[in-house]
Amino acid sequence: MECHRDAWIEHGVPAAEIDRAVAFENRWGGLALPPAPFYDSGPRVLGADVPEGSAAEGWWIPAGDCRYSMAYGFMIGPGGEFGIDGYHWVPLHASTEGWVESLALAGHARRWAETITRITGEAVDSLDLEGYEPVPEVRGLTDTWWRGKDSLIALYRGVAVGMDAPGCLEAHVHGGLDEWVLQGG
């Protein structure tokens with residue numbers, strides 16, 4: 001990334017944004033990720049590319065190549081949020097750590113759940129979350145995880161918001177979990 005610094009500066013990318021991309025690459029670059037349960041499996045490997053944006057809009061950093069061709073890409077927002085950029089920017093998690101935690105939690109829940117129920121579209125909004133608490137480790141913004149007495153619920157709203165496609169709302173209810181699994185085993 002440093003080798004591109006002069007060219008990026010010539011194209012109007014501020015040095016501070018290049019430094020932010022370098023810091024992201026140094027921390028996360030090359031981290032191979034498991035497939036995501038949603039988002040067409042997400043980026044395969046995290047890695048920064050040339051920052052995109054402007055002083056007026058803010059600057060985003062591409063977060064890695066996707067496993068499949070899709071209508072959005074994964075980006076790191078101006079405040080460090082991890083999200084997707086489709087028709088417009090949607091922060092999924094408050095940080096890259098949140099995205100990584102959500103993938104780990106999804107894999108953990110899938111492995112140990114007695115049942116997994118997939119809910120789509122308008123039915124997602126009718127889920128009763130009373131008695132559930134947010135899972136803070138995932139730092140959810142548009143996407144959230146909820147912990148109940150014997151289940152975890154993942155709410156995936158990013159594509160519905162980012163692509164203006166309410167039918168893409170999706171939730172996964174992982175049921176039949178014991179306390180060990182609910183607390184991250």
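The values are calculated or read from the model by the stated rules, or taken from the named source; none is laboratory data. It should be emphasised that the depicted structure is a prediction, and the values quoted were computed from it without experimental measurement. Virtual Cβ from ideal backbone geometry, glycine too; neighbours counted across all protein chains shown. Areas reflect the complete protein model, heavy atoms only, side chains present, ligands, DNA and RNA absent. Shrake-Rupley method; radii C 1.70, N 1.55, O 1.52, S 1.80 Å.
Pull out the extension gain between ASP19 and ARG67, defined as 0.36 nm times the separation in residues minus the alpha carbon to alpha carbon distance; nm, one decimal.
Residue separation times 0.36 nm, minus the Cα-Cα distance, leaves 14.6 nm.
In square angstrom, rounded to the nearest 10, how much accessible surface does PHE24 have for a 1.4 Å probe?
20
Quick one: if you stick a label point 7 Å off each Cα along the C-beta vector at ASP128 and LYS149, how many nm between them?
1.3
As I understand it, the value is the acute angle between the Cα axis of helix 96-112 and the longest principal axis of the Cα atoms of the chain; what does it come to in degrees, rounded to 10?
Helix 96-112 sits at roughly 30 degrees to that axis.
Treating the angle as unsigned and between 0 and 90°, give the value, to the nearest 10°, between the Cα long axis of helix 15-28 and the longest Cα principal axis of the chain.
Between helix and principal axis, roughly 40 degrees.
Once you have the Cα-Cα distance between HIS11 and ARG27, take 0.36 nm times their residue separation minus that, and quote the gain in nm to one decimal. Kindly include the intermediate steps, with their values, before the conclusion.
Numbers: separation 16, 0.36 × 16 = 5.76 nm, distance 2.51 nm.
So the chain would gain 3.3 nm between HIS11 and ARG27.
Of the residues HIS93, HIS108, HIS11, which exhibits the maximal mean-square fluctuation in a Gaussian network model of the chain defined by a 10 Å Cα contact cut-off?
HIS11
Any idea how far the Cα center of the stretch 151-175 sits from the one of the stretch 39-95, in Å?
18
Using only the Cα atoms of the chain, each taken as one equal point scatterer with no solvent, compute I(q) by the Debye sum, divide by I(0), and report log10 of the ratio at q = 0.09, 0.16, 0.19 Å⁻¹.
Per q value, in the given order, log10 I(q)/I(0) is -0.35, -0.96, -1.26.
Tell me, what is the Rg over Rh of the stretch 91-178, with Rh the Kirkwood radius over Cα pairs? All intermediate terms of the calculation are to be shown ahead of the outcome.
Details: Rg = 12.3 Å, Rh = 13.0 Å.
So for the stretch 91-178, dividing Rg by the Kirkwood Rh gives 0.95.
Exactly which trypsin sites (Lys or Arg not before Pro) in the stretch 92-135 are in a DSSP loop and have at most 13 other Cβ atoms within 10 Å?
Details: sites: ARG110, ARG111, ARG118; in loops: none.
Answer by residue number: there is no such site.
Carbon and sulfur: what percent of the chain's accessible surface (1.4 Å probe)? Intermediate values should be presented prior to the final figure.
Numbers: 4780 of 9280 Å².
The nonpolar share, carbon plus sulfur, comes to 52 percent.
Given a 1.4 Å probe, how much area per residue of the chain is accessible, in Å²? The partial results should precede the final answer.
On the way: 9280 Å² over 185 residues.
Dividing the accessible area of the chain by its residue count gives 50 Å².
Ordering SER69, SER95 by accessible area with a probe of 1.4 Å, largest first, what comes out?
Values: SER69 120, SER95 15 Å².
From most exposed to least exposed: SER69, SER95.
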